[in-house]
C-alpha cells in the first residue's frame, strides 16, 4: 500500500483588525477579520518536520497589522490583493495565497464616535497564484422578508409529506452571496453597493413560486445590471414563519399571527453565471 500526502495548506485564521484613520478631527473606522491561507511546496514540513519553507502563521498575522499601518485600509478587496500578492512574491515556496476578509459596519454618531451597526457583513476573498488572480466579493447575514407575493404548490407528495400547499405565505431568508469579478481592478465600493441593491430589488419585485425561483431571479438581476460580475453564488436558508392556530381560543387567524422558527430549515443554494460564448 502506497501512502502519499495530498493537497494541503496552512495560514492564520480570523485576525481581528481595527484601523482608525486620524487624518483630521473627523476619524474613519474600519473593522475587519482577515484570514490568510497559503499553499505551495510544503511537503517537507509534513513528511520530515523540515520547517525551512514555512512562514510562521504569527508572521502572517503581523503582516496584516503592519500593512494596515503602512498602507491603510480602504476597500477590503484592495487590502486583500495587497496581502495575497505579497505572500506569493515574497515566499519562494508559496504558489497560492488566499485572503478572506469580512468587514463590519459602524454607524457614525459624531466626528469620532461610532455605534456598531447590526445586519449584513461585507466580505471579500482574494486568491493569487503564479498565473492568475481572482477577486470575489460578497455579503452575509442580509435578512429580507416578503409578507406576501409568495406561494409554494405543486411539489412532490410522498408517504411522508405533511406540508400543506401555500397560496400566500411569508417568504424570508438570510442572503449569503458571493460574486466573482471579471477583472481585478474596479470601483469596489460602487460595485458592492450596486450588487447588493440588485439582489434586494430582485427579492422585492419577484412574485415567488419557490425560493429556488427567487434565487435565480436575484442572480440574474445582478448579471444583467453589473457587467463587471462574472458569476453569483447564493445560499438562501428558508426562514420559516408558521401560521399559529388560534382556534382553541375562539379566534381566527387570517394570515396575521405567525411563529418564526430558526431550525430545521430548508437551504437553497445555487450559482448563476454568464453562458460561455456560442452556447445555447
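What follows draws every value from the coordinates through simple rules; no lab data is involved. Just so you know, these numbers come straight off a predicted model, no measurement behind them. Using ideal geometry, Cβ is built from the backbone for each residue, glycine included, and neighbour counts are taken over all protein chains shown.
Show me the strands (runs of 3 or more DSSP E) entirely contained within segment 81-192 in which 3 or more residues are more than 26 Å from residue 225 (Cα to Cα). Spell out the reasoning first.
On the way: elements: 94-104, 106-110, 113-116, 121-129, 133-146, 171-181.
Once the strands (runs of 3 or more DSSP E) in segment 81-192 are filtered for at least 3 residues that are more than 26 Å from residue 225 (Cα to Cα), what remains is 94-104, 106-110, 113-116.
Mind listing just one residue for me: the one in segment 158-194 that is in contact with a strand residue (DSSP E or B) (Cβ under 6 Å, 6 or more places away or on another chain) and under 22 Å from residue 275 (Cβ atoms) and, of those, surrounded by the most Cβ atoms within 10 Å (Cβ to Cβ)?
Only one residue tops the list, namely 179.
Could you please let me know if residue 58 is surrounded by 16 or more Cβ atoms within 10 Å (Cβ to Cβ), out of contact with any strand residue (DSSP E or B) (no Cβ under 7 Å at 6 or more places or on another chain) and in a helix (DSSP H, G or I)? Outline the logic, then answer.
Values: surrounded by 16 or more Cβ atoms within 10 Å (Cβ to Cβ): no; out of contact with any strand residue (DSSP E or B) (no Cβ under 7 Å at 6 or more places or on another chain): yes; in a helix (DSSP H, G or I): yes.
It is false that residue 58 is surrounded by 16 or more Cβ atoms within 10 Å (Cβ to Cβ), out of contact with any strand residue (DSSP E or B) (no Cβ under 7 Å at 6 or more places or on another chain) and in a helix (DSSP H, G or I).
Restricting to segment 260-277, what's the tally of residues that are exposed (fewer than 10 other Cβ atoms within 10 Å of the Cβ) and either under 23 Å from residue 222 (Cβ atoms) or touching a residue at least 12 places away in the same chain (Cβ under 8 Å) (or both)?
Step one: list which residues in segment 260-277 are exposed (fewer than 10 other Cβ atoms within 10 Å of the Cβ), which gives 262-264, 275-277.
If we keep only those that are either under 23 Å from residue 222 (Cβ atoms) or touching a residue at least 12 places away in the same chain (Cβ under 8 Å) (or both) too, we end up with 262, 275-277.
Residues in segment 260-277 being exposed (fewer than 10 other Cβ atoms within 10 Å of the Cβ) and either under 23 Å from residue 222 (Cβ atoms) or touching a residue at least 12 places away in the same chain (Cβ under 8 Å) (or both): 4 in total.
State yes or no: is residue 45 buried (at least 17 other Cβ atoms within 10 Å of the Cβ), touching a strand residue (DSSP E or B) at 6+ places or on another chain (Cβ under 9 Å) and without any contact (Cβ under 8 Å) to a residue 40 or more places away in the chain? Spell out how you get there, then give the answer.
On the way: buried (at least 17 other Cβ atoms within 10 Å of the Cβ): no; touching a strand residue (DSSP E or B) at 6+ places or on another chain (Cβ under 9 Å): yes; without any contact (Cβ under 8 Å) to a residue 40 or more places away in the chain: yes.
No: the conditions fail for residue 45.
Taking the condition within 30 Å of residue 186 (Cα to Cα) and touching a helix residue (DSSP H, G or I) at 6+ places or on another chain (Cβ under 7 Å), does residue 71 pass? Reasoning before the result, please.
Values: within 30 Å of residue 186 (Cα to Cα): yes; touching a helix residue (DSSP H, G or I) at 6+ places or on another chain (Cβ under 7 Å): yes.
Yes: the conditions hold for residue 71.
Somewhere in segment 188-196, is a residue free of Cβ contacts under 8 Å to residues at least 24 places away in the same chain and more than 30 Å from residue 85 (Cα to Cα)? I'd like the intermediate steps shown before the answer.
Step one: list which residues in segment 188-196 are free of Cβ contacts under 8 Å to residues at least 24 places away in the same chain, which gives 190, 193.
Imposing the further condition that a residue be more than 30 Å from residue 85 (Cα to Cα) reduces the set to none.
Scanning segment 188-196, I find no residue that is free of Cβ contacts under 8 Å to residues at least 24 places away in the same chain and more than 30 Å from residue 85 (Cα to Cα), so the answer is no.
Among the residues of segment 250-259, is any touching a strand residue (DSSP E or B) at 6+ places or on another chain (Cβ under 8 Å) and either touching a residue at least 40 places away in the same chain (Cβ under 8 Å) or closer than 28 Å to residue 105 by Cβ (or both)?
The initial filter retains those residues of segment 250-259 that are touching a strand residue (DSSP E or B) at 6+ places or on another chain (Cβ under 8 Å), namely 253, 255, 257-259.
Imposing the further condition that a residue be either touching a residue at least 40 places away in the same chain (Cβ under 8 Å) or closer than 28 Å to residue 105 by Cβ (or both) reduces the set to 255, 258.
Checked segment 250-259: at least one residue is touching a strand residue (DSSP E or B) at 6+ places or on another chain (Cβ under 8 Å) and either touching a residue at least 40 places away in the same chain (Cβ under 8 Å) or closer than 28 Å to residue 105 by Cβ (or both).
In segment 12-37, which residues are in contact (Cβ under 8 Å) with a residue 60 or more places away in the chain and either closer than 23 Å to residue 137 by Cα or loosely packed, with under 14 Cβ neighbours inside 10 Å (or both)? Please lay out each step first, then the result.
Going residue by residue through segment 12-37, those that are in contact (Cβ under 8 Å) with a residue 60 or more places away in the chain are 25-27, 29-37.
Once the filter is applied, which keeps residues that are in contact (Cβ under 8 Å) with a residue 60 or more places away in the chain and either closer than 23 Å to residue 137 by Cα or loosely packed, with under 14 Cβ neighbours inside 10 Å (or both), segment 12-37 yields 25, 26, 29, 30, 31, 32, 33, 34, 35, 36, 37.
Is at least one residue of segment 77-97 out of contact with any helix residue (DSSP H, G or I) (no Cβ under 8 Å at 6 or more places or on another chain) and at positive phi?
Just the residues of segment 77-97 that are out of contact with any helix residue (DSSP H, G or I) (no Cβ under 8 Å at 6 or more places or on another chain), to begin with: 80-81, 84-85, 88-93.
In the following step, the residues that additionally are at positive phi were identified as none.
No.
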